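Below is one structure, written out as structure tokens; the observations come after it.
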Amino acid sequence: MPTKKEPIWIARDLAKCSGCRKCEIACSLFHEKRIWPEASRIRVFMLVPGLDFPHFCTQCEDYPCVGACPVKALSISKETGAVLVDKDKCVGCGQCIDACPGRIPHMHPTENYILICDLCRGNPQCVKVCREGGWNVLTKVSRKEQAYKLYARKPEEITRDLAIKIYGEQGERLL
Amino acid sequence: MILGYAGKFLEVDLSTKKVKEIKFSDDILKDYIGGRGLAAKILWDRLGSKWSEIDPLGPENLLLFLTGPLTGFFPGGRICVSGKSPQSNGVVGSTVAGEFGVELKCAGYDGIIVTGASEEPVYLFVKDSEVEIRKANHIWGKDAKQTVSKITKECRELLRERFPRKGEWREPSILYIGPAGENKVRTAVVAAKWTHAAGYGGYGAVMGSKKLKAVAVKGTGPLPEVADMKSVKRLMQSVCKDVYESELWRRWGTGAAGYEVGAKTSSEPIRNWQEEWHDEKSFGVDQFENRVWVKPYWGDFGCPTTCLKIAAVKTGRFKGAITDNPDYELQAYLGPNLGIFTPEENVFLASLIDDLGLCGIQTGNVLGFAAELFQRGILTKEDLDGLELRWGNTEAFAALARKIAFREGIGNLLAEGTYRAALKIGEMKRMDVLAYAVQSKGIGIGAHGIRSRKDYPETYSYACSVQGGDHTSTACLPLDDFRSELIMTFNDSAVYCYFNIFGIPRNLKFEFYRAVTGIELTQEEWLNPKALRILQLQRAMLLLGGPDLKWNPKIHDANPPRFYEPLPSGPYKGKTVDRAEVEKEILNYYEAVGWDENGIPKTENLKKLELDDVDRALEKLR
């Protein structure tokens, strides 16, 4: 686990997700001071029961969302590698959503700006609660030269993969 | 307004298709909290004066979905479903886990009150303050898995169309019924997430009688403001810490009990409770874990325990079955109780029960009852539409479960639940078969026997409970015992999962209540007057009963006859319950909760609790 200040990444073992949503509680308490699942930067999808998984920014190597923003509201944190949203600049146009291969960014439920995981300035709250509980779906690792973009996938795509992995042949029929 | 509540309830009249918002006074919320307590209050206020005439499956019954102030805050989210029960003709606060309660509060509502009945199948879609009654003809008849899938897709599509700039919409939370609920089977559940069920009470049948296939909610707001967020966070952390350290229910859920309650405490239903001991290692949790678990931890909003384990059968005769690994109750009732001792068959039946929208406990109880009648030659193969209902004949039990869900042939009779079916079969065969019905007040008894005295219920627990055979609401003295119905009522009224409170200090839940609502509440004040008042309301409605059946405490505050037979096997062979002893204990319990020697709440106690109208209504029973 990285200790010094350096770009990080949250490794994810989606099939282990218990669906407890403690990550959402921790994230929204940290960023919004409320328990607010729909304002959480990390959201657990459960399109098929039992196939719960967290959906959140993977910090693609080429950051397509940042490039797509017409008002330069998105930037890359030098410290952590996270995508940072300038709430005042963001106009809520949604172009970053379309640019993201996983359609991960989502609008704040009551404010006019986009929500993207900011890695909690290097100390991700979601990772903390997930490890505390021993589910270990989320692990903080050093950011290397890997193809993180592969992890930016749409909820339906992830669900399909998990269906086969967890339910086998029967999984295909349940989609 | 009290903190922790969204501040308003949704009332939906399915007859007129009108929707409105209503509020309850702070005083009512302080006294009845939410969930089960508030359900008793709402039902008494609205239906109390004509209770005995209300058909639980008629349009005049109410169907309630109620959260509590702690829902979403206390780790382990649930929602309480209630109404006049088609099983007991009283009131059951039936809770089911999931995100529904949290979504509802985030949508701005503390609960939904459904009145009337629709002519056509419908489902309700709540997106924050937008409420729609949508057609459900295309979903009517569908099983649990198909229902969840169709509604999830449909609601996400609607959200996408209406809010195209939002990004990806998550699934709404859904409560639904399967075919059993549609067919008003009295052992039908209100279900969530394929496998979770509000089982006790039979509210799936009430939902079906209203032609309400499902309720889907998407709430995008935050949970309501609380009085002291710092303390809420601290208390959440202490609950979680305790669970992580104690590991209770974490590793195996309650799934270790399918073997252990039989082998160790001798209190597991086996072949319709003819025995309570088995030593079948084939039913050990290791076999479940190694052969069918496909996910070792599964849970609901905020839960540190995640006691559910998902099971799937991937090969062999029962291939394709998927459910949460049967918890102890479903292991027992769809396992040993039917003479079944292998994980795959148990998972197969549990999965089928989920799909049909049946209650695993109540249906397992009635299946076991039917099988014993077959064993004794009282019900013949012809009576059972050709089914060879031998113990362990999984396919025959599956076929009968389907018949029950669709009310076909003999299934139509068994769909009435064990007690009512026993009365009908008794008439049919001109003999008393109640001796084989293991139930109390129309509610099949949870899978924890009382004969060995090694399990948690007391010998009078089921006889005196205002929720009949419900193993999550056992009558127990002293009244502040953690197993006491009055203590359990707090969990079901503040609405959270009581599996997360076993190791924490007793006062923590009241501290939690204060941190959320800002209201001081001690355990003493909770027990008397608050919980006692809720208990009297539930007792009054249970005794007023009707229209098809009424309970006479002198006859029906009793254990099933089976519990007076000596245990035939195991380390506690020969042990039984002494009838005279139980009768004494029942009288003790009456005294402790303020009921007279006939089991009717006493006037002086009701007046002290300001329940004068309840007293007047009970006058005719005295």
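For the reader, a short list of remarks on this structure follows.
- Averaged over peptide A:37-45, the number of partner chain Cβ atoms lying within 10 Å of each residue's Cβ comes to 4.
- Taking the centroid of alpha carbons for each part, the stretch B:520-540 and the stretch B:90-148 are 29 Å apart.
- Residues in the stretch A:19-58 reached by a label modelled at B:GLU130 [backbone nitrogen below 19 Å; 7 Å Cα→Cβ]: A:38-39
- For the peptide A:130-137, the mean number of other protein chain Cβ atoms found within 10 angstrom of a residue's Cβ is 3.
- In chain B, helical runs assigned H by DSSP with n ≥ 4 each contribute -39500 (n - 2.57); averaged across all residues and rounded to the nearest 500, the mean residue ellipticity at 222 nm is -10500 deg cm²/dmol.
- Å² of accessible area per residue within chain B, as computed with a 1.4 Å probe and no ligands counted: 32 Å²
- Shape call, the stretch B:149-308: gyration tensor on alpha carbons, a/c limit 1.5: oblate
- Estimated vicinal HN-Hα couplings, Hz - the stretch B:548-555 in sequence order (Karplus 6.51, -1.76, 1.60; Gly, Pro = x): 7, 9, 10, 9, 10, x, 4, 9
- Shape class of chain B from the alpha-carbon gyration tensor: rounded, with the ratio a/c of largest to smallest axis under 1.5.
- Computing FRET efficiency as 1/(1 + (r/R0)^6) for A:ALA68 and A:ARG121, where r is the C-beta to C-beta distance and R0 is 22 Å, gives about 0.35.
- Summarising the amide proton neighbourhood of B:ALA311: residues at separation of 5 or more, or on other chains, whose placed amide H is nearer than 5 Å comprise B:VAL294, B:THR323, B:ASP324, B:ASN325.
- Accessible area per residue for the stretch A:115-164, computed on protein heavy atoms with a 1.4 Å probe, is 49 Å².
- Protein heavy-atom accessible area occluded, B/A pair - total, 1.4 Å probe, Å²: 4200 Å²
- Spin-label model, B:ASN137 to A:LYS5: label points 7 Å out along the Cα-to-beta-carbon direction sit 6.6 nm apart.
- Extension gain, B:GLU245 back to B:ASP480 (0.36 nm per residue minus Cα-Cα distance, nm): 82.0 nm
- Shown here are the Rg and Dmax of the Cα trace of the protein assembly as shown, at 26.0, 84 Å.
- Segment B:GLU581-B:ASN507, extension gain: residue separation times 0.36 nm, minus the distance between their alpha carbons: 23.3 nm
- Computed from backbone phi with θ = phi - 60° and the Karplus coefficients 6.51, -1.76 and 1.60, the 3J(HN,Hα) list for the stretch B:448-455 is 10, x, 10, 6, 6, 6, 9, 9 Hz; x is used for glycine and proline.
- Under a model in which nothing but the beta-carbon of Lys, Arg (+1) and Asp, Glu (-1) is charged, the protein assembly as shown shows a dipole of about 1840 debye around its Cα centre.
- Taking 0.36 nm per residue of separation and subtracting the Cα-Cα distance, full extension of the segment from B:ASN588 to B:LYS319 would add 91.7 nm.
- Here the spin labels are modelled as points 7 Å beyond Cα on the Cα-Cβ line, and at B:ASP612 and B:ASP385 they lie 5.5 nm apart.
- Projecting the Cα atoms of B:LEU212, B:VAL226, B:SER246 onto the charge dipole of the stretch B:200-248, computed from C-beta unit charges around the Cα centre, puts B:LEU212 farthest toward the positive end.
- Cβ charges +1 (Lys, Arg) and -1 (Asp, Glu), total dipole of the stretch A:58-175, debye: 260 debye
- Residues whose amide H comes within less than 5 Å of that of A:GLY92, counting only those at least five positions distant or on another chain, are A:ILE114 (H built at 1.01 Å from N in the peptide plane).
- The B:GLU520 and B:SER282 beta-carbon pair, evaluated with R₀ = 51 Å, returns a calculated FRET efficiency of approximately 0.45.
- By accessible area, using a 1.4 Å probe on protein heavy atoms only, chain B has 49% of its surface on carbon and sulfur.
- Among A:ALA68, A:GLY92, A:ALA26 the positive-end extreme of the charge dipole of the stretch A:1-130 (Cβ point charges): A:ALA26
- Nearest-20 debye value, chain B charge dipole, Cβ charges on Lys, Arg, Asp, Glu: 1280 debye
- 10 Å Cβ neighbours from other chains, averaged over peptide B:223-234: 2
- Heavy atoms of B:ILE555: accessible area, 1.4 Å probe, square angstrom to 10: 110 Å²
- Above-threshold pairs, the threshold being 26 Å between Cα atoms, out of B:LYS211/B:LYS403; B:LYS23/B:LYS602; A:LYS16/A:LYS72; B:LYS166/B:LYS211: B:LYS23/B:LYS602; A:LYS16/A:LYS72; B:LYS166/B:LYS211
- Here the simple spin-label model places points 7 Å from the Cα toward Cβ, and for B:LYS50 and B:ARG453 these points are separated by 5.0 nm.
- Protein-only accessible surface order, largest first, of A:LYS149, B:LYS233, B:LYS213 at 1.4 Å: B:LYS233, A:LYS149, B:LYS213
- By a 1.4 Å probe calculation restricted to protein chains, B:TYR456 has an accessible surface near 60 Å², given to the nearest 10.
- 5 angstrom amide H check on A:HIS55, placed H, neighbours 5+ away: A:ARG43, A:VAL44, A:PHE45
- Rg ratio (alpha-carbon, reference 2.2 N^0.38 Å) - the stretch B:416-567: 1.19
The values are calculated or read from the model by the stated rules, or taken from the named source; none is laboratory data. The shown structure was predicted, so the numbers you read here are calculated from the model rather than taken from an experiment. A quick note on method: Cβ atoms are made from the backbone with ideal geometry, for glycine too, and the neighbour counts reach across all protein chains shown. Side chains included, ligands, DNA and RNA excluded: accessible areas come from the protein's heavy atoms. Shrake-Rupley method; radii C 1.70, N 1.55, O 1.52, S 1.80 Å.
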